Amino acid sequence: MPRRISRSPVSFLRVALCVFALGVTAPRATSQTIFTVNATDDVNDGACNEAHCSLREAILASNGNGGGDIYFAIEGEVPHTIRPQSALPVVTASTSIDGTTQAGYAGMPIVELDGSDAGEAHGLELRYGSSTIRGLAINRFGLNGIEIASGSVANVIAGNFIGTDVTGSVALGNGLHGVSVVRSRDNTVGGSTVEARNVISGNAVHGVELIYAGASGNLVVGNYIGTDVTGSAALGNTFGVHIAYAAENVVGGPTPAHRNVISGNGGDGVFLLGAGSWSNVVTGNFIGTDAEGLAAVGNGNAGVILIESAGNTVGGTAEGEGNLISGN
């Protein structure tokens, strides 16, 4: 049995959202070197420069540099679609991969990672802390859209369309989960602004998965999970948010800015499983409705289900902490 700490789930919520509001993360690498992707091909000639830099080359260059920022400056018509021919390199240094830097970005992704030709691969895999994935559409990979692996802490996944096309209105999916957090702590999926919102829909299994001991202190806030970009139409994952054998995570929050819309999924909206799932907080969300909370966009099974888990909080007694769970 896991050793339980004394603070309550609600106390943990307040601490976690306070840290989130202050923007506290693990230290970044000292390098601020910028690597600019200027090609959509998957060539790797061992260099990333003004003449040619693919995303594969940029990730390898950042890893070799001990970290850096990956920007985009691709010419031609949008969307700019990158189709890796095999798994992209694992991110092993503190790296920002920022699709919002591409000229023409206006609040929705115009850089797309299409995994159709990559085989059984994750879209992006993080194995080092304090990395950021922002402003990308990630779809059609055989495994997860984004994998945050054990030992990689304090990452931010914000402003992405994971499992849809660049319009956020067509489900293309990934073969397993949209975002999978495995034995990794203190990550943020989403954010408290419209620009930070992820649309995580159309994936074959879970929209967001937090799994196994060590997956703690994670925040899932401000996302649309199972709907289109408007939050009004279903583009479901099989399940919305799955927390399995993982403790002290927060889904939602007490203000509208922290609210997730978890609707339109084929199975359960939020699923907490196992004796290791304790002191998690699910609060302030719309589960089974549209983003306005006025129309049903139901999940196919339960809105929230807990199996063999205890000591969790669903809702709360303070203003804004209640979930709207309807239409399921």
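Numbers for the structure displayed
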read-out: Angstrom value of the Kirkwood radius, inverse mean 1/r, which spans all Cα pairs in the chain; value: 19.3 Å
read-out: Helix-only CD estimate at 222 nm, as mean residue ellipticity for the chain, using -39500 (n - 2.57) per DSSP H run (n ≥ 4); value: -2500 deg cm²/dmol
read-out: Spacing of the two label points (7 Å from each Cα toward its C-beta) at Ala213 and Ile34, in nm; value: 4.5 nm
read-out: Virtual paramagnetic centre 7 Å along Cα→Cβ of Arg83, amide N under 14 Å, in the range 114-156; value: 114-119, 139-141
read-out: Between the range 68-116 and the range 117-147, the Cα center-to-center distance that results, in Å; value: 11 Å
read-out: The range 174-328, relative contact order [Cα under 8 Å, separation at least 6], %; value: 20 percent
read-out: Rounded if a/c under 1.5, otherwise prolate or oblate - the range 172-328, Cα gyration tensor axes; value: rounded
read-out: Fraction of accessible area attributable to carbon and sulfur, the chain (%, probe 1.4 Å); value: 53 percent
read-out: Given charges at beta-carbon only (K, R positive; D, E negative), |dipole| of the range 148-273 in Debye; value: 120 debye
read-out: Longest exposed-site-free window of the chain, the sites being GluC sites (Glu not before Pro) in a DSSP loop that have at most 14 other C-beta atoms within 10 Å; value: 121-291
read-out: Point-charge dipole on Cβ atoms (K/R +1, D/E -1) for the chain, about Cα centre, debye to 20; value: 1200 debye
read-out: q = 0.11, 0.15 Å⁻¹, the range 204-296: log10 I(q)/I(0) [Debye, one scatterer per Cα]; value: -0.28, -0.51
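The values are calculated or read from the model by the stated rules, or taken from the named source; none is laboratory data. Since the model is a prediction, treat every value here as computed from it, not as a measurement. FYI the Cβ positions are ideal-geometry reconstructions off the backbone, even for glycines, and counts take in every protein chain you see. Keep in mind that these areas ignore ligands, DNA and RNA; they rest on the heavy atoms of the full protein, side chains included. Shrake-Rupley method; radii C 1.70, N 1.55, O 1.52, S 1.80 Å.
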